[in-house]
Amino acid sequence: MTPSNIVGMAVVKELDVIALTDHNSCRNSPAFIKTAKEYGIIAIPGMELCTLEEVHVLCLFQTLEDAMEFDEYVYGQLLPVKNDESIFGKQLIYNEKDEIAGHEENLLISATKIPFQQVYNLVHRYHGIMIPAHIDKASNSLLSNLGFVPDDSEFTCAELKNMGDLHHIRTENPYLFQCKIITDSDAHYLEHINEPVNYLYTKSRDIK
């Protein structure tokens with residue numbers, strides 16, 4: 001799952017747009033963006049933020065600069081837990097040639113000190129959007145960890161792992177009727193990147 005390999009698989013599968021959302025980090029986005037541009041693929045820099053409640057939230061940005069500034073803020077909100085490579089593996093940062101350019105010592109899959117209810121305004125400050133991730137999953141999701149959608153929520157899009165869950169989840173959580181719902185690969189391995197079976201209809205091929 002190096003940046004160039006991700007882009008390469010997207011080319012093989014004839015995808016038009018892909019997003020990179022590492023856990024609590026955007027530090028592989030520069031290589032990802034540069035490689036995708038060479039192949040004419042729309043690349044969205046992002047992060048899968050783990051909140052204080054261990055709710056996963058996709059954070060997507062219009063520009064690499066905004067993503068990297070957000071990364072810097074989130075890094076300061078990580079819990080002071082060192083990565084144990086014998087358990088969790090290496091956390092590597094790559095350049096556009098898929099050469100190792102660095103590694104991250106702090107454990108990136110742990111929770112941050114950012115509460116879920118602060119994410120919308122925080123991401124908006126960096127001109128991004130928040131999307132509660134895989135809300136139908138039994139762990140690390142808004143509905144599994146909080147058990148409900150907070151009344152003062154402001155997010156306008158949510159992600160489902162299984163679109164077959166949409167009707168009953170919306171029925172149980174009426175707030176979601178006013179949200180756009182997306183589904184995607186949520187791939188942690190190259191072979192899990194979807195074929196082009198999901199579509200977004202847009203007026204132009206532009207990230208903005």
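Checking the structure you have, find out if any residue of the stretch 68-89 is aliphatic (A, V, I, L, M), closer than 22 Å to Thr156 by Cβ and touching a strand residue (DSSP E or B) at 6+ places or on another chain (Cβ under 7 Å).
Taking every residue of the stretch 68-89 in turn, at least one turns out to be aliphatic (A, V, I, L, M), closer than 22 Å to Thr156 by Cβ and touching a strand residue (DSSP E or B) at 6+ places or on another chain (Cβ under 7 Å).
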Among the candidates Glu69, Glu53, Glu14, residue that is in contact with a Phe, Trp or Tyr (Cβ under 7 Å, 6 or more places away or on another chain), open to solvent by 40 Å² or more (accessible area, probe 1.4 Å) and touching a residue at least 60 places away in the same chain (Cβ under 8 Å): Glu53
Checking Asp165 against (1) modelled with pLDDT under 95; (2) within 27 Å of Thr63 (Cβ to Cβ), the condition it does not meet: (2)
Residue count for the stretch 101-122, restricted to those that are not basic (Lys, Arg) and not in a helix (DSSP H, G or I): 14
Candidates Ile44, Ile93, filtered to the one that is open to solvent by 30 Å² or more (accessible area, probe 1.4 Å), among the β-branched types (Val, Ile, Thr), closer than 29 Å to Leu160 by Cβ and at pLDDT 95 or above: Ile44
Answer residue from the stretch 105-122, given it is more than 25 Å from Ser185 (Cα to Cα) and in contact (Cβ under 8 Å) with a residue 60 or more places away in the chain and is least open to solvent (accessible area, probe 1.4 Å) among those: Ile114
Single residue of the stretch 123-137 satisfying the filter (assigned to a loop (DSSP other than H, G, I, E, B), touching a residue at least 60 places away in the same chain (Cβ under 8 Å) and of a type outside the set (A, V, I, L, M, F, W, C)) that is nearest to His168 (Cα to Cα): His134
Any pair with Cβ under 8 angstrom, 6 or more apart, that starts in the stretch 138-154 at a residue that is free of Cβ contacts under 8 Å to residues at least 24 places away in the same chain and ends at one that is in a loop (DSSP other than H, G, I, E, B) and hydrophobic (A, V, I, L, M, F, W, C): Ser144/Ala138
Single match in Pro3, Pro80 (criterion: open to solvent by 70 Å² or more (accessible area, probe 1.4 Å) and more than 21 Å from Ile129 (Cβ to Cβ)): Pro80
Unmet requirement for Val197, which otherwise passes all of (1) surrounded by 11 or more Cβ atoms within 10 Å (Cβ to Cβ); (2) free of Cβ contacts under 8 Å to residues at least 40 places away in the same chain: (1)
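Within the stretch 165-193, which residues are assigned to a loop (DSSP other than H, G, I, E, B) and closer than 24 Å to Ala67 by Cα? Lay out the reasoning, then the answer.
Start the filter on the stretch 165-193 by keeping residues that are assigned to a loop (DSSP other than H, G, I, E, B), which leaves 173, 179, 183-189, 193.
If the condition is that a residue be assigned to a loop (DSSP other than H, G, I, E, B) and closer than 24 Å to Ala67 by Cα, then Cys179, Thr183, Asp184, Ser185, Asp186, Ala187, His188, Tyr189, Ile193 are the ones that fit.
The values are calculated or read from the model by the stated rules, or taken from the named source; none is laboratory data. In this text the structure is predicted, and so the values were computed from the model without any measurement. FYI the Cβ positions are ideal-geometry reconstructions off the backbone, even for glycines, and counts take in every protein chain you see. Just the protein is used for accessible areas: all its heavy atoms, side chains included, with ligands, DNA and RNA removed. Shrake-Rupley method; radii C 1.70, N 1.55, O 1.52, S 1.80 Å.
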